[in-house]
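A quick write-up on the structure given underneath.
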2 protein chains.
Amino acid sequence: MKLLGNGIVAQSGGPTPVINNSVCGVIQEWLKAKCTGTLYGALYGIKGVLQEDFVDLSSQSSEIIEGLRYTPGAALGSCRYKLKEEDYYKLLRIFKQHNIKYFFYIGGNDSMDTANRVHQLALSDNYPLKVIGIPKTIDNDLPFTDHCPGFGSAAKYLATTVIETGIDLKGLVNNSRVVILEVMGRNAGWLAAATALARREEAGAPHLICLPEVPLNKGKFLSEVERLYREIGYVYIVASEGLVDEKGDYLFAASCKDSFGHVQLGGLAGSLKAFIENETGIKARCNVPGTTQRSAMHLASFTDAEEAYMVGAEAVKLASGGRSGLMVTLTRADEDDYRCLTGNVELGKVANVEKKIPAEWISGSGHDVTSEFINYVSPLIRGEITVPIKNGLPNYVNLMLNGFADPERQAVGP
Amino acid sequence: MKLLGNGIVAQSGGPTPVINNSVCGVIQEWLKAKCTGTLYGALYGIKGVLQEDFVDLSSQSSEIIEGLRYTPGAALGSCRYKLKEEDYYKLLRIFKQHNIKYFFYIGGNDSMDTANRVHQLALSDNYPLKVIGIPKTIDNDLPFTDHCPGFGSAAKYLATTVIETGIDLKGLVNNSRVVILEVMGRNAGWLAAATALARREEAGAPHLICLPEVPLNKGKFLSEVERLYREIGYVYIVASEGLVDEKGDYLFAASCKDSFGHVQLGGLAGSLKAFIENETGIKARCNVPGTTQRSAMHLASFTDAEEAYMVGAEAVKLASGGRSGLMVTLTRADEDDYRCLTGNVELGKVANVEKKIPAEWISGSGHDVTSEFINYVSPLIRGEITVPIKNGLPNYVNLMLNGFADPERQAVGP
């Protein structure tokens, strides 16, 4: 099938190390289709669409387009913005005005909801818009896909961190004998769970994995910390930022909310440290990688990067085949060796649904995972990316300075 | 000269990614000297000497010895322990008992003080002990040496982190438009300053570098944050954990002290975040790499690793030449291209002296560094280490499981 009219691609929410691989997949597949239309990039996400802040992606140099494959962050710019009712009508007007017939939206749960509403509105308006969602989240919490692009790279970064800081902890007998690594994951503990990959010997780090799926029993938790401290001499704890207590309340949540009405979390590690120190007298220290875990391209998973590209390319294939209202999914071939294929699912089924770790993959104590989970996650972190190095540091392509956007445009937010 | 009798090497204080390169240098130089004596490693630092917890290093397999070159953490184990008066006499008795004539101590300021006292006691006792200190600290605060092994690798890790998380910050328009990276450095801001290497374009991250050398003027600081936010749209702040206010008090120090009587710092980033948010209304988020910055072997500097090896080897050469009471130093050849040589300095001159960033390397605002500083630090982060990878993760040699120590021995502390 042929692509008729123009297209637009936008990035949404928190970046991942490989989110630009998806943009690259969209552009290169669009160019392959030899469409006469223009492929636009919206700058700074859906806000860029509303503000008609576009850049022509189909005419970028091949160096810039290839550079997307090893540049972290959102190369087009991203935003967190919940659309108002009137915004949807405005979007449709803008799409019509620019003859945009294809809308590719790279994001997580909230973005798939947005994409679905745009799709529904276009349908009811009889405007021939093809809307395809492209999954992206280090949190790995989108349903109907085996896993999410971005997750494998963040998991690889965090597992490497646990290996290295675990060796550090093991080697130094001082007064901090508990390390708490706070990792991202609001309601699903996939990233925290993935650090179990770091454990290559019995009694190796991590020793306790605190998942949002398992409400923390404070007494049981402290007993576990004390037991491990007695038996091993030190305790490595990995905790999801979204840890809850047995009443289901975020354990150490700040009081502010983001624009989606989600509670913004912060300071879990510090609060857990104070809790452990006050109750047991064992000194603890915190490692909070923060945005490092979603931007560490130098430790990205090659598998993940390839799959992020794949879902971008597949989105264009679906759209050119006349499909709409779908999110691309990743499926795992039923073979001994890992092989990943693409599929798709209706946007409406994905929107606002969070996929948590299945209970059967969480092991008895609630603070560890089963070998089934390890089998699931292992292939996703395989393979390394060679980033270009200049004078000892990564030399990423600065797309913003190469015609993608001028600095003034950064003033669209917050 | 020939080595007569046995030797012992110990690691002290916080590990660095390359501290084991120094151990490797000591062992391989010792073996080259074809000494009939044994080279012992003390397990868990000076405590291991006091407890006669030794391991025979000279008889380890060459694979294990070479493995030291790419394994982070303290392979022999380290500790933070301030020796009591009677401990020194006990040390000397133990050295005599085991015919130990060479004591190599890898550490920072405190350790050089310890080494010096052992040297003085042996002198006054007429016991022919050669004591050589081997510099090690990511903080880079030892005097009389151009720089310290460990610093270049931590600097490379942190500068890479600023590049990657800076791109992340730039690309996402959301409600967190200030990022605070809290880095190690109690009284000297070398590591914070080194993140200036990440800035490869005007207005690039980091935008403000807060050094312990420059007491924070809160009003001026807030004005700077607000100005940068207006002009660029976001602000990347790097702050040393040991930041002080204009009275010289640690800005956000916890109240506990470590065994050396130093105030243990923590929570600076969180407090700085609250301060900025309350005073300006601009949302901030914290990245606190913690022990990651001193253990990230996958991002270690090749230059740093080579120099860490060099100082270890040089220590044995000095001792076999009959020298004692010295710390090995690194000196920079007076040439256009960077070349590093070794020198030495009396332990007594180094003990407990902290080298801060010279005032002339701190630029006008107090929140940046000069091009002279950049010229100083640039060569130290050059070159990459290829760590062995297994299933997508670093496969470090686990020395503790290869006969270096049995797990029971981990119970020597805290």
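Worth pointing out:
- Extents of chain A, largest first, come to 69, 48, 47 Å (Cα atoms, principal axes, whole angstrom).
- Evaluated at q = 0.12, 0.13, 0.16, 0.18 Å⁻¹: base-10 log I(q)/I(0), Debye formula over Cα of segment A:160-296: -0.44, -0.52, -0.79, -1.01
- Just so you know, the averaged projected area of the alpha carbon convex hull for segment B:183-245 sits at 4.0 nm².
- Relative to its residue count, segment B:319-358 spans a Cα convex hull of 90 Å³ per residue.
- Around the Cα centre of chain A, unit charges on the Cβ atoms of Lys, Arg, Asp and Glu (plus for the first two, minus for the last two) sum to a dipole of about 720 debye.
- Taking other residues whose beta carbon is less than 13 angstrom from the beta carbon of A:V225, and scoring Lys, Arg as +1 and Asp, Glu as -1, yields +2.
- Our helix-only sum for the protein assembly as shown, with -39,500 (n - 2.57) per DSSP H run of n ≥ 4 divided by its residues, gives a mean residue ellipticity at 222 nm of -10500 deg cm²/dmol.
- GNM top mover of B:D125, B:D53, B:D87 - chain B, alpha-carbon springs below 10 Å: B:D125
- Charge context of A:C148, other residues only, Cβ under 11 angstrom, K/R +1, D/E -1: -3
- Max mean-square fluctuation residue, GNM over chain B, Cα-Cα springs under 10 Å, options B:L222, B:L299, B:L57: B:L222
- Assuming charge only on the beta carbon of Lys and Arg (+1) and of Asp and Glu (-1), the dipole of the protein assembly as shown about its Cα centre is about 0 debye to the nearest 20.
- Sorting the Cα pairs of segment B:266-333 by distance into bins of 10 Å, from 0 upward, gives 16, 25, 20, 19, 14, 6, 1 percent per bin.
- Along each principal axis, taking the top coordinate minus the bottom one, the Cα set of segment A:1-53 gives 33, 26, 13 Å in descending order.
- For chain A, the residue among A:N175, A:N352, A:A155 whose Cα projects farthest onto the positive side of the dipole built from Cβ charges is A:N352.
- Length gained when the stretch A:K349-A:A203 is fully extended (0.36 nm per residue, less Cα-Cα span): 48.4 nm
- All aspartates and glutamates inside 19 Å of B:K47 as judged from Cα atoms, apart from same-chain residues fewer than 8 positions distant: A:D168, B:D56, B:E85, B:E86, B:D87, B:D110, B:D113, B:D258, B:D406, B:E408
- Mean projected area of the convex hull spanned by the Cα atoms of the protein assembly as shown, taken over all viewing directions: 34.0 nm².
- Here the label points at B:Y127 and A:L341, each 7 Å from Cα along the C-beta direction, are separated by 7.4 nm in the simple model.
- Considering only B:N140, B:N21, B:N278, the mean-square fluctuation computed in a Gaussian network model of chain B, springs between alpha carbons under 10 angstrom, is largest for B:N278.
- Assigned charges on the beta-carbon of Lys, Arg, Asp, Glu; segment A:160-296 dipole about Cα centre (debye): 140 debye
- For A:K355, the lysines whose Cα falls under 24 Å of its own Cα, not counting residues fewer than eight places away in the same chain, are A:K82, A:K136, A:K156, A:K247, A:K257.
No lab work stands behind these numbers, since they all come straight from the coordinates. Everything numeric in this text was worked out from a predicted model, so none of it was measured. Here the Cβ is made from the backbone with ideal geometry for all residues, glycine too, and neighbour counts use every protein chain on show.
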